[in-house]
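The values are calculated or read from the model by the stated rules, or taken from the named source; none is laboratory data. Note that the structure is predicted; figures quoted are calculated from it, not measured. So basically every Cβ, Gly included, is an ideal-geometry build from the backbone, and we count neighbours across all protein chains shown. We work out accessible area using only protein heavy atoms, side chains counted, and drop any ligands, DNA or RNA first. Shrake-Rupley method; radii C 1.70, N 1.55, O 1.52, S 1.80 Å.
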Amino acid sequence: ENTGAAEFLRTEDAPARYFGFGPHSHGEKRSFRYNNWFAEKDTTALLASNLGTPSGLQSIQGYNAVHISRYDEYLQALNGRSQGYHNTDVIPQGLDSPLLDLLNVRYTIVPTDEQPDQSVLRELKDTHPTVYSDDQVDVLENRDAFPRAWIVHSAKRVAKVKTLKLLSSGEVNPRHAALLEHAPPNLSSPADASEDNALVKTYKAERISLQTSTGAPGLLVLSEAYYPAWKAYVDGRPAPLYVADHVLRAVPVPAGEHTVELRYESWSLRVGLVV
């Protein structure tokens, strides 16, 4: 069934993600492994465990039998600990991680009522404004969340094993610089970086289209999981696709206004269909 929180999230103009967070007094194992209690009323209200999928909502957590290893590593660094192979949840240790902002997490769905022993939930509500509320849940806004796409003019090559440590510690600000696993493209600083713009025009399962504008050659970073089958095109011509910040995608863009497309073009999928 659709919920008031789902309707609210669907009115968001720009692409944004969310997660459900509902600790209660049953102990941590019961509180944060939502997929084991997906049918419970308090869990369904949080749209946890993939329950936002039928409404077209995008959550950073849930249950999946096949995970991308980079994303598992990212969530492990975010939470400070590993999870079960099929599970991806945000636990209290990850609520203040800068890695959460990079995932375009603008909203958190939490229970309206809180128990006296739920200090983590109370602190979360105190530090994040409530933008929607009903008799079951509140929707909190994370105003530090990154957009779905942005442009940087600085990038450096960093070994994969070091990237998450640099981002988690705050030593590198991903709003201004990208960490790549290969030699970066040629970039330069514009006269006014505040005029850079990256607007998502089309967002579908197998194609994303964006309009970019920048005063100097830059790197378009997308809060989308990198996967080799995705290919990049700038003004219809093939362009390199980099791994940025351990798990994200990045495409070099020239100065001026341009159309950037990312298309899912899997040769193994095509061969499989033919077979």
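Structure summary
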read-out: Degrees, to the nearest 10: 69-79 long Cα axis against longest axis of the chain; value: 50
read-out: Count of Lys pairs (Cα-Cα under 30 Å; at least 8 positions apart or interchain) in the chain; value: 14
read-out: Ratio Rg/Rh [Cα only; Rh per Kirkwood] for the chain; value: 0.98
read-out: Where Rh is the Kirkwood radius over Cα pairs, Rg/Rh for region 72-167; value: 1.02
read-out: Helical mean residue ellipticity (222 nm; -39500 (n - 2.57) per DSSP H run of 4+; nearest 500) of the chain; value: -5500 deg cm²/dmol
read-out: Heavy-atom accessible surface of region 63-109: percent carbon and sulfur, 1.4 Å; value: 49
read-out: Ranked packing of 145-151, 208-214, 67-73, 46-52, most packed first, by mean Cβ within 10 Å; value: 46-52, 145-151, 208-214, 67-73
read-out: Farthest toward positive dipole pole in the chain [+1 Lys/Arg, -1 Asp/Glu at C-beta], among Gln93, Trp230, Thr130; value: Trp230
read-out: Rounded percent of accessible protein surface that carbon and sulfur make up, region 121-196, 1.4 Å probe; value: 46
read-out: In sequence order, calculated HN-Hα J values of region 180-196 (Karplus, 6.51, -1.76, 1.60; Hz; x Gly/Pro); value: 10, 9, 10, 4, x, x, 6, 10, 8, 8, x, 5, 9, 5, 5, 8, 4
read-out: Mean-position separation - Cα centroids, region 127-179 and region 60-75, in angstrom; value: 17
read-out: Region 122-166, accessible area per residue, ligands and nucleic acids excluded (1.4 Å, Å²); value: 55
read-out: Tilt relative to the chain, helix 160-169 - C-alpha long axis, 0 to 90 degrees, to 10; value: 60
read-out: Glu261 accessible area, 1.4 Å probe, all protein chains in place, Å² to nearest 10; value: 40
